[in-house]
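Chemist: A single structure is presented below for examination.
All of the numbers you see were taken from the coordinates with simple rules; none came from a lab. Note that the structure is predicted; figures quoted are calculated from it, not measured.
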């Protein structure tokens with residue numbers, strides 16, 4: 001069975017829209033970012049949508065291809081790595097992002113706002129690479 005490209009690219013639209021929104025924060029200092037409740041909350045929600053969209057992509061591919069079921073979101077990316085959909089190293093980084101998503105959703109009171117900015121500045125590149133590797137996978141399918 002083939003992966004539904006419409007599903008994938010609709011999630012990529014969500015990722016790209018939120019990534020563009022977050023780009024403005026890359027120039028913020030930690031103090032500037034953490035002093036604005038509105039900016040922190042907006043950034044957290046955009047990160048959540050980005051990570052959720054990546055999880056949706058992973059889940060769709062795993063389901064369609066019949067790969068082993070992942071019981072946790074963080075494992076989904078490892079399953080993609082095991083099946084040569086994405087690079088194993090990237091799978092590990094995205095697994096960390098999925099764990100960060102769980103922190104945002106379930107332990108939101110424990111989220112360090114400086115860490116949110118660090119993710120924006122240093123980890124969104126992993127999401128961009130994820131999209132590129134998924135496109136490469138689709139082209140080889």
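Chemist: Taking the chain as the reference, fit the longest principal axis to its C-alpha atoms, fit the long axis of helix 73-82 to the helix C-alpha atoms, and give the angle between the two in degrees, 0 to 90, nearest 10.
Modeler: With rounding to tens, the tilt is 40 degrees.
Chemist: If you stretched the chain out fully between residue 37 and residue 5, how much longer would it get, using 0.36 nm times the residue separation minus the C-alpha to C-alpha distance?
Modeler: Between residue 37 and residue 5, full extension yields 7.8 nm more.
Chemist: What is the gain in length, in nm to one decimal, between residue 14 and residue 89 on full extension, counting 0.36 nm per residue of separation less the C-alpha to C-alpha distance?
Modeler: Contour length minus the Cα-Cα distance gives 24.6 nm.
Chemist: Defining a contact as two alpha carbons under 8 Å apart and six or more residues distant in sequence, what relative contact order in percent does region 5-140 show?
Modeler: Relative contact order here is 28 percent.
Chemist: With only alpha-carbon pairs counted, each pair once and no self-pairs, how large is the Kirkwood hydrodynamic radius of region 52-133 in angstroms?
Modeler: One decimal place: 13.1 Å for the Kirkwood radius.
Chemist: Report relative contact order for region 1-83 in percent, whole number only (criteria: Cα-Cα under 8 Å, sequence separation at least 6). Present the calculation step by step, with values, prior to reporting the outcome.
Modeler: Values: 55 pairs, mean separation 30.1, N = 83.
The value is 36 percent.
Chemist: Let me ask something additional. Can you tell me the 0 to 90 degree angle between the C-alpha axis of helix 37-65 and the longest principal axis of the chain, rounded to 10?
Modeler: Relative to the chain, helix 37-65 is tipped by roughly 10 degrees.
Chemist: Right, something else. In whole angstrom, how far apart do the alpha carbon centroids of region 1-44 and region 108-128 sit?
Modeler: 10
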